[in-house]
Every structure is written in structure tokens, then in C-alpha cells.
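Single-structure report; data block below.
The values are calculated or read from the model by the stated rules, or taken from the named source; none is laboratory data. Nothing here was measured: the structure is a model prediction, and the numbers come from that model. Cβ: placed from backbone, ideal geometry, glycine included. Neighbour counts: every protein chain shown. Protein only, heavy atoms only, side chains kept; ligands, DNA and RNA dropped before computing areas. Shrake-Rupley method; radii C 1.70, N 1.55, O 1.52, S 1.80 Å.
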Amino acid sequence: MFGQDIITKDYFTDLYSRIRKALEMHEDTIRHYRPLLDGVRYMTDKELSEMLKVSRHTLQQYRNKGILPYTLCRGKVLYKEHDVQELLERNYRPATSPSS
């Protein structure tokens, strides 16, 4: 690279673009990072409602009906990520092929 090659404006533009992309990826990772608590990840009511595209009221109904396990800690509702995954897998319905 630094032998007889000429460093051009395009090189710096490309380098800057790559650094910006790496920084954006890092910031996105930090923004979505949820630390483990004894090996378990928890989601808030807000996070889960956004992920499932349902209202927080709907989550409340799921909790009231015993559909969705949760933890209540000092008034804050938390869901184990693993419990949510199991709920989704239990309710998975594969597509059926149309009858001919």
C-alpha cells in the first residue's frame, strides 16, 4: 500500500465510509445489548411489545390469562427471552400446501 502506490481522495473516501459503517454497527450493537443475568436475558414490556408488534395492553391480557410467563420486580414487568421463544415455538403453525 505505501510502497509506490499513490493514495487518492477515493481511497480516503472509501476508508472513511468503512470506518463510519463500523462505528454505526458498533453503536447498533451497544443500543440493542441486553446483559445476561445469571445466564438469562430479560426483556421489558416495551421491548417485547415492539418485537411482537402488539400493544402493551395485549401483553397484559396474555399475562392475565396465563399465556405469557413474566417476572414482576418492583412494579416493572420483565420477560425471560427464552420463555418468549418457547411460547412462539409452541404456537408455530407451519404453512400447508393448497389442496389440488
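General remarks:
- Farthest positive-ward along region 8-74 dipole, Cα basis, beta-carbon charges - from 35, 8, 19: 35
- Gyration tensor (alpha-carbon) shape descriptor, region 5-100, a/c threshold 1.5: oblate
- Close Lys pairs in the chain (alpha-carbon distance under 27 Å; sequence gap of 8 or more, or different chains): 9.
- Spin-label pair residue 40/residue 67, simplified geometry with 7 Å Cα→Cβ offset, distance in nm: 2.2 nm
- Positive contributions from Lys and Arg (+1) and negative ones from Asp and Glu (-1), summed over other residues with Cβ under 12 Å from the Cβ of residue 20, come out at -1.
- Residues whose placed amide H lies under 5 Å from that of residue 68, excluding near-sequence neighbours: 63
- Taking amide H as placed 1.01 Å from N in the peptide plane, residue 77 has its amide H under 5 Å from the amide H of 45, each at least 5 places away in sequence or on another chain.
- The chain - percent of accessible surface contributed by carbon and sulfur, probe 1.4 Å: 54 percent
- Heavy atoms of the protein chains alone define the surface here; on that basis the chain has 88 Å² accessible area per residue at 1.4 Å probe size.
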